[in-house]
Structure formats: structure tokens, C-alpha cells
1. Could you compute the FRET efficiency for residue 87 and residue 58, with r as their C-beta to C-beta distance and R0 at 25 Å, rounded to 0.05?
2. Compare the peptides 141-148, 128-135 by average per-residue count of other Cβ atoms within 10 angstrom and give them in order, highest first.
3. Name all residues of the stretch 23-59 having a backbone nitrogen under 19 Å from the label point set 7 Å from the Cα of residue 96 along its Cα→Cβ direction, giving them as ranges.
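None of the figures in this text is laboratory data; all of them are computed from the coordinates on show. Values in this document were obtained by computation on a predicted structure and should not be read as measured data. Ideal geometry is used to build each Cβ from the backbone, glycine not excepted, and the neighbour counts take in all protein chains shown.
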Amino acid sequence: YNIPGENVLENVACARAYNTDHQSQLLIQASAMMTEARYALLVIDSATALYRTDFSGRGELSARQMHLARFLRMLLRIADEHGVAVVITNQVVAQVDGAASMFGGDQKKPIGGNIIAHASTTRLYLRKGRGETRICKIYDSPCLPESEAMFAINADGIGDVKE
């Protein structure tokens with residue numbers, strides 16, 4: 001688009017959360033900002049990372065999932081009220097039960113369980129290929145078939161894969 005970086009950054013707001021309660025407070029602040037000015041996109045990076053540190057072990061699993069569900073409902077409400085697209089990134093963990101490898105499937109699964117799956121419309125799985133190549137797979141979508149696309153991350157941004 002040939003827009004200078006400084007101009008682009010004028011339209012970006014950024015915050016860092018330090019725990020799950022702070023993450024929820026930041027969502028309330030973001031909603032207030034969206035009431036005052038027009039935003040088109042809300043990105044939450046590593047949405048479940050703080051939940052893994054704030055709630056540990058199976059004893060806190062129920063509390064963690066309830067807090068996460070409340071957070072995701074807040075995201076859905078912001079999307080509906082302000083007409084913004086919401087993108088969340090999430091971590092994956094290795095499946096240790098062996099079922100995936102026994103049937104030749106992927107040995108990684110997203111953190112957050114069904115709560116994340118039910119709160120998401122389209123889920124993408126990003127993974128590293130060779131060199132600068134990355135692969136984006138449509139993992140789950142109500143309107144798109146499962147498929148993959150390759151792209152590259154270059155010095156000048158995202159581009160086509162060079163053979």
C-alpha cells in the first residue's frame with residue numbers, strides 16, 4: 001500500500017497483559033477505545049499463555065476453563081458490538097496419549113480445549129516449512145474446505161514461496 005510505517009503505527013494501539021485478570025481488564029479498555037474511535041481488527045497474541053501460568057494443575061482446570069470462557073465471551077461481544085474482526089493466536093502442545101501418532105495424525109493439539117474451538121469461527125494452523133517457508137492450513141471452518149497454502153516471510157514482508 002506504500003504507506004510509511006510511522007503513519008501505519010498511528011492507527012495501532014498495543015497493550016501487554018501480565019496475568020489473566022489484567023488481560024480481561026485490557027479487553028474492557030479496548031472496548032471503551034472502540035466506542036471512541038473506529039477500529040477494524042483486534043489481535044490477542046497467545047490468548048491462553050497466561051492461563052497456563054495463572055492456573056496450574058488439574059485442580060484448577062475448572063476455574064481456568066470458566067475464566068477462559070468468560071474472556072472469550074467478552075471477545076465475541078466486542079466483535080458483535082464494534083464490528084471488528086478478532087484474531088487470537090494460541091499455543092499447541094504435544095499429544096502424549098499416542099493416539100495421533102498411531103493413526104498418522106498430527107501430534108500437536110491446541111491448548112484450551114473445546115472452549116477455544118467453540119468460540120472460534122475459522123481456525124488456522126500455522127507451521128514452519130523449510131527455510132523461510134510457512135504453511136497455513138484451514139483447520140476448521142464452517143464455510144471453507146480444509147486446505148493448505150504456503151507463503152514466505154521475507155525482509156520486505158510476506159510473499160510467495162520461492163522455489
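1. FRET efficiency, residue 87 to residue 58: 0.25.
2. Result, highest mean first: 128-135, 141-148.
3. Answer for the stretch 23-59: 49, 51-59.
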